[in-house]
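**Student:** My questions all concern the structure below.
The values are calculated or read from the model by the stated rules, or taken from the named source; none is laboratory data. Small disclaimer: the values here were computed from a predicted structure and weren't measured. Cβ placement follows ideal geometry from the backbone for every residue including glycine, while neighbour counts extend to all protein chains displayed. To get the accessible areas, we keep the full protein, side chains included, count just its heavy atoms, and leave off ligands, DNA and RNA. Shrake-Rupley method; radii C 1.70, N 1.55, O 1.52, S 1.80 Å.
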Amino acid sequence: MATLLISLFGCFQKKEKEINLEAWLEANFPGQLEVVNNIVNLDLKNLYIKKTSTIVADKSDPEVQIVITWFKEQQPDLGISVDEVKTSLVKSKDEAAAARNLFSKLKQNGLDKISVGVIEMAAYILIFDEPSPALRKPYLEKILATLDALPDHEQTSIWIEWMEPAAYQEHFKDIIPYGYWQRGDSYHESKKIMSLDFEWSPGLKPDILMTGWAINSSSARSGAYLDEAYKAASAWAGKNIHTPFYLEPAQMVQMGPVDDDPMAIEFSFPYFDSKPDTAQSGFEDSALGYVTGVYQTDQKTFTKIRKTDEL
């Protein structure tokens, strides 16, 4: 009986080791790779087939990160190809080297408080500073000059994103690791104030690109824009809507981009004959209409205010 129990216990240990990614990594890449985190995926199919995607980093260079997709059951070696992992590692090391080279050249050209990431043909340049109109063109000029001076770089899809200054080096340092883009939450969108993306070609002029800056209406900062817009909308409503009425500042407020001004956000505030009970289901059906206008984030003005019956 004792021998049988030891044998069964050994089988369970072996099975547990077989479905453990850390054990697989140690067996195939001893001392080289470590798990960072699993990618959140709510697809029920993946839960059923026990499919998981995990961010893995090189222990000697944690900014080199790859995704390994593996299966907890019914797959030999967790369904992982050693050759594919090796290929992914080589690719990630090349991208980290490209990102470090670009970061170094940008710093030499005078850019401060930046982070750089490279994924295939794309380069991501995050700027952690206040995005004043006066700074945008000088930053863009330096970025273009840096790209023009880099010999034979493969990254032609350029993404420049202006981030909240307080987020500088909060989750990474100079280089943006691949796993950051796989967070599965709204952190990046909440910290991104504005962005500019374009296809680079030698000699591209900054004046051509300046009108491409676009405000991010999903940022945490947009809450302050909404508050300012509401003040102007409320003042306008007091003069143009018959009393009594109630203008809602938060619930059911619609916001979105403006076609002819990417640095503006359109807000629509619902109004009612009296303050509704927002805890009640269907309260939005009692809205009489909306006070709609355009908030220009550089000028800090709310204009083109009008009453709309529905959206």
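**Student:** Semi-axes of the equivalent ellipsoid for the range 57-149, please: Cα gyration tensor eigenvalues, times 5, square-rooted, ordered largest first, whole Å.
**Tutor:** 37, 13, 10
**Student:** Okay, next question. Could you report the accessible area of SER218 in Å², rounded to 10, computed with a 1.4 Å probe on the protein chains as they sit in the structure?
**Tutor:** Accessible area, nearest 10 Å²: 80 Å².
**Student:** ASP152: accessible area at probe 1.4 Å, nearest 10 Å²?
**Tutor:** 150 Å²
**Student:** Suppose the chain between GLU130 and SER218 were pulled fully straight at 0.36 nm per residue; how much longer would it get relative to their current alpha carbon spacing?
**Tutor:** Stretched out fully, the GLU130 to SER218 stretch lengthens by 30.0 nm.
**Student:** Hey, which lysines would be in cross-link range of LYS304, C-alpha to C-alpha under 21 Å, not counting anything within fewer than 8 residues on its own chain?
**Tutor:** Qualifying lysines at Cα under 21 Å: LYS231, LYS239.
**Student:** Check each of the trypsin sites (Lys or Arg not before Pro) in the range 174-207 and keep only those in coil by DSSP with at most 14 other C-beta atoms within 10 angstrom; list them in order.
**Tutor:** Listed in order of number, the matching sites are ARG183.
**Student:** Provide, in order from the shortest bin, the percent of all Cα-Cα pairs of the range 124-214 in each 5 Å bin, continuing until the bin that contains the maximum pair distance.
**Tutor:** 3, 12, 23, 24, 19, 14, 6, 0
**Student:** Calculate one ³J(HN,Hα) per residue across the range 191-200 by plugging θ = phi - 60° into the Karplus curve 6.51 cos²θ - 1.76 cosθ + 1.60, and present them in order as whole Hz with x for glycine and proline.
**Tutor:** For the range 191-200, the Karplus curve yields 8, 7, 7, 7, 8, 8, 10, 7, 9, 7 Hz.
**Student:** If you don't mind, another one. Among the trypsin sites (Lys or Arg not before Pro) within the range 65-116, which fall in a DSSP loop and have no more than 16 other Cβ atoms within 10 Å of their own Cβ?
**Tutor:** Sites meeting the loop and neighbour criteria: LYS72, LYS113.
**Student:** In addition: Where does the charge balance sit around THR278 when Lys and Arg score +1, Asp and Glu -1, over other residues with C-beta under 9 Å from its C-beta?
**Tutor:** Value of the local net charge: -2.
**Student:** Could you run the Debye sum over the Cα atoms of the range 264-310, one equal point scatterer each and no solvent, and tell me log10 of I(q)/I(0) at q = 0.14, 0.22 Å⁻¹, two decimals?
**Tutor:** The calculated log intensity ratios at q = 0.14, 0.22 Å⁻¹ are -0.42, -0.76.
**Student:** Longest segment of the chain with no GluC sites (Glu not before Pro) in a DSSP loop having at most 16 other Cβ atoms within 10 Å?
**Tutor:** It works out to 171-309.
**Student:** Which loop-located trypsin sites (Lys or Arg not before Pro) does the range 264-311 contain, where loop means any DSSP state but H, G, I, E or B and the Cβ has at most 14 other Cβ atoms within 10 Å?
**Tutor:** Sparse-neighbourhood loop trypsin sites (Lys or Arg not before Pro): LYS300.
**Student:** Could you list the residues of the range 119-163 with an amide nitrogen less than 16 Å from a label point located 7 Å from the Cα of GLN108 in the Cα-to-C-beta direction?
**Tutor:** Of the residues in the range 119-163, 142-153 have backbone N under 16 Å from the label point off GLN108.
**Student:** Starting from 0 in steps of 20 Å, tell me what percent of the Cα-Cα pairs of the chain lands in each bin.
**Tutor:** Here the calculated profile for the chain is 25, 41, 28, 6, 0.
**Student:** Measure off, as a whole percent, the carbon and sulfur share of the 1.4 Å-probe accessible area of the range 117-189, all protein chains present.
**Tutor:** Reported share for carbon and sulfur atoms: 52 percent.
**Student:** Placing +1 at every Lys and Arg Cβ and -1 at every Asp and Glu Cβ, with all other atoms neutral, what dipole size does the chain have around its Cα centre, in debye to the nearest 20?
**Tutor:** It works out to roughly 400 debye.
**Student:** What number, in nm² with one decimal, is the all-direction average of the projected area of the convex hull of the alpha-carbon atoms of the range 133-285?
**Tutor:** Result: 12.9 nm².
**Student:** Past 23 Å, Cα to Cα: identify those pairs from LYS59/LYS173; LYS113/LYS191; LYS275/LYS300; LYS142/LYS205; LYS107/LYS205, in the order given.
**Tutor:** Beyond 23 Å between Cα atoms: LYS275/LYS300.
**Student:** Using the Karplus curve 6.51 cos²θ - 1.76 cosθ + 1.60 with θ = phi - 60°, work out ³J(HN,Hα) for each residue of the range 172-186 in order, rounded to whole Hz, and write x for Gly and Pro.
**Tutor:** 7, 9, 6, 10, 8, x, 4, x, 4, 6, 10, 4, x, 10, 9
**Student:** Could you pull out every residue, at least 5 positions away or on a different chain, whose amide H is within less than 5 Å of the one on THR301? Hs are placed 1.01 Å off N in the peptide plane, and Pro or chain starts have none.
**Tutor:** GLN296
**Student:** Could you list which residues have their amide H under 5 Å from that of ASP273, counting only those 5 or more apart in sequence or on another chain, with H placed in the peptide plane?
**Tutor:** TYR246, LEU288
**Student:** Next question. Counting only the heavy atoms of the protein chains, how much of MET255 is accessible to a 1.4 Å probe, in Å² to the nearest 10?
**Tutor:** Per-residue accessible area (MET255): approximately 80 Å².
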